[in-house]
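The values are calculated or read from the model by the stated rules, or taken from the named source; none is laboratory data. Every value quoted in this text rests on a predicted model; they were computed, and no experiment measured them. Heads up, the Cβs are rebuilt from the backbone with ideal geometry, glycines too, and the neighbour counts pull from every protein chain shown. For accessibility, only protein heavy atoms count, side chains too; no ligands or nucleic acids. Shrake-Rupley method; radii C 1.70, N 1.55, O 1.52, S 1.80 Å.
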Amino acid sequence: MRRGLLLAVAVVALCLAPAAAADIAHVGYPSSIASTGDSITRAFNTCSFPFIDCPQNSWSTGSSSAVNSHYRRILAANPAIAGRNFNDAKTGARMNALGGQVGAAVSQSAEYVTILMGANDVCTSSVSTMTPTATLEAQLQSAMATLSSGLPNTRIFVVSIPNVYHLWQILHTNFGAVLTWTIGGICQSLLANPMSNAPADVARRQQVYNRNVADNAALERVCARFIHCRFDGNAAFNLSFVPSDVSTRDYFHPSVAGQAKAAAATWAATFDFRDQSAPSSSVATVPDPAGGTDVSLSAIDNVGVSGIEYTLNGGAYQRYGGPFTVPTGTAVTYRAVDVNGNVEASNAVTG
């Protein structure tokens, strides 16, 4: 009898208790990082031995003090990230390989993921073989969806494709660079006939530059669709490299100095991890005249709100775009995300 009474009391207490938040808040510095991309992120050709990847010099996840990567800068503030720096980039990769790379980042449970991809979609054997911007955009969209669904709390930093035309500008009169580009067949869509001022060559280089710009606009569009994503505002594209920032082995990849410059420029453009204040959201519900419940969400933050997301009956998060109607009894879980990627503890209401 006593046991039955205790069970009844427990059941009543559960019924009266408020719904527990489905997830805790996520704020401040991340405790793991994964980088995705191509040979730039692999720091190709920066080791003492030539023509190999040198990930310790990566602008994103490298351990070299000479570069002072994002990983090292986070490590200085959050020792918990030590040894949890994963470089999933692949030399030679195009945007169509990003889906596989973010899959690796998901398996690593990375809390911060950097994406620098697209240079090999512009730098190809000819203008005709460049990846169409619409294709590149769709490939990034797909990879971002995989990453966001697999790691719904993770910050994603999308870096603009560097200005490859600027590489031609600073080195096209350098005999060593011209010889290396020609013999190696490097980025011929841009670097073929590098010393020529013939109208066809000038027009071709302009076409590559225009594609570079269009592709970066596509990266920005895709990133804006995901509230956990930040675009670098073209920080990498606008970075003014000088000859010493470029490897003298291939006159194409960043040198150690170039990796350090890329790390500094992109760090200034990424999330401000010093911000440890989560945003705060609120809900308003009213019966809908046609049946069900109308749900409205709003949020505030000390710096700025990136967006609000919600789930219905425990489903996947979706971005809030305005008031919506749910059937009576629907469980709505919601939370806000600020511009620095901080996520509030989720809240719940029954419609």
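A quick yes/no check of all residues on (1) out of contact with any Phe, Trp or Tyr (no Cβ under 7 Å at 6 or more places or on another chain); (2) touching a residue at least 60 places away in the same chain (Cβ under 8 Å):
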site	(1), (2)
M195	yes, no
V202	yes, no
Q207	yes, yes
V213	yes, no
C223	no, yes
N234	yes, yes
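For the range 14-30, the criterion of being farther than 22 Å from G314 by Cα, open to solvent by less than 50 Å² (accessible area, probe 1.4 Å) and modelled with pLDDT of 95 or more is met by at least one residue. Scanning the range 100-114 for residues being crowded, with 17+ Cβ neighbours inside 10 Å and free of Cβ contacts under 8 Å to residues at least 60 places away in the same chain gives a total of 1.
Which of the residues belonging to the range 115-136 are at positive phi and open to solvent by 10 Å² or more (accessible area, probe 1.4 Å)?
Residues of the range 115-136 at positive phi: 118.
Listed by number, the list is empty, since nothing qualifies.
Within the range 46-65, the residues that satisfy the criterion of being part of a loop (DSSP other than H, G, I, E, B), touching a residue at least 40 places away in the same chain (Cβ under 8 Å) and open to solvent by 10 Å² or more (accessible area, probe 1.4 Å) are T46, P50, F51, S64. Annotation: of all residues in the range 279-300 being touching a residue at least 40 places away in the same chain (Cβ under 8 Å) and out of contact with any Lys or Arg (no Cβ under 9 Å at 6 or more places or on another chain), the one that is least open to solvent (accessible area, probe 1.4 Å) is V295.
Does D53 meet the test of being at pLDDT 95 or above and not aromatic (F, W, Y)?
Working: at pLDDT 95 or above: yes; not aromatic (F, W, Y): yes.
Taking the combined requirement at face value, the residue satisfies it.
Say whether the condition of being touching a strand residue (DSSP E or B) at 6+ places or on another chain (Cβ under 8 Å), within 22 Å of S126 (Cα to Cα) and either surrounded by fewer than 24 Cβ atoms within 10 Å (Cβ to Cβ) or hydrophobic (A, V, I, L, M, F, W, C) (or both) is met by at least one residue in the range 153-160. No, the conditions are met nowhere in the range 153-160. You will find that of Y251, Y334, the residue that is more than 30 Å from T91 (Cα to Cα), at pLDDT 95 or above and not β-branched (V, I, T) is Y334 and no other.
Sort out which residues of the range 225-237 are of a type in the set (F, W, Y) and part of a loop (DSSP other than H, G, I, E, B), and write them in order of number.
Step one: list which residues in the range 225-237 are of a type in the set (F, W, Y), which gives 226, 231, 237.
Of everything in the range 225-237, those that are of a type in the set (F, W, Y) and part of a loop (DSSP other than H, G, I, E, B) turn out to be F226, F237.
Restricting the first member to the range 265-278 and to residues that are within 20 Å of L116 (Cβ to Cβ), and the second to residues that are acidic (D, E), the beta-carbon pairs closer than 6 Å and six or more apart or on different chains are T266/D232; A269/D232. Selection of the range 184-216 for residues being surrounded by 13 or more Cβ atoms within 10 Å (Cβ to Cβ), assigned to a helix (DSSP H, G or I) and of a type in the set (A, V, I, L, M) yields L190, L191, V208, V213, A214. With respect to the conditions (1) within 28 Å of A217 (Cβ to Cβ); (2) outside any loop (DSSP other than H, G, I, E, B); (3) open to solvent by 50 Å² or more (accessible area, probe 1.4 Å), S240 falls short on a single one, namely (2). Screening the range 66-88 for residues that are of a type in the set (A, V, I, L, M, F, W, C) and loosely packed, with under 15 Cβ neighbours inside 10 Å and picking the one that is farthest from G258 (Cα to Cα) gives A80.
I'm checking my understanding of the structure. Among residues of the range 31-45 that are farther than 18 Å from A119 by Cβ and of a type in the set (G, A, S), which one is surrounded by the most Cβ atoms within 10 Å (Cβ to Cβ)? Don't jump to the end; show me each part of the working.
Kept after step one, since they are farther than 18 Å from A119 by Cβ, are these residues of the range 31-45: 31-34.
Now drop any that are not of a type in the set (G, A, S), which leaves 31-32, 34.
Details: S31: 16, S32: 20, A34: 29.
Out of the qualifying residues, it is A34.
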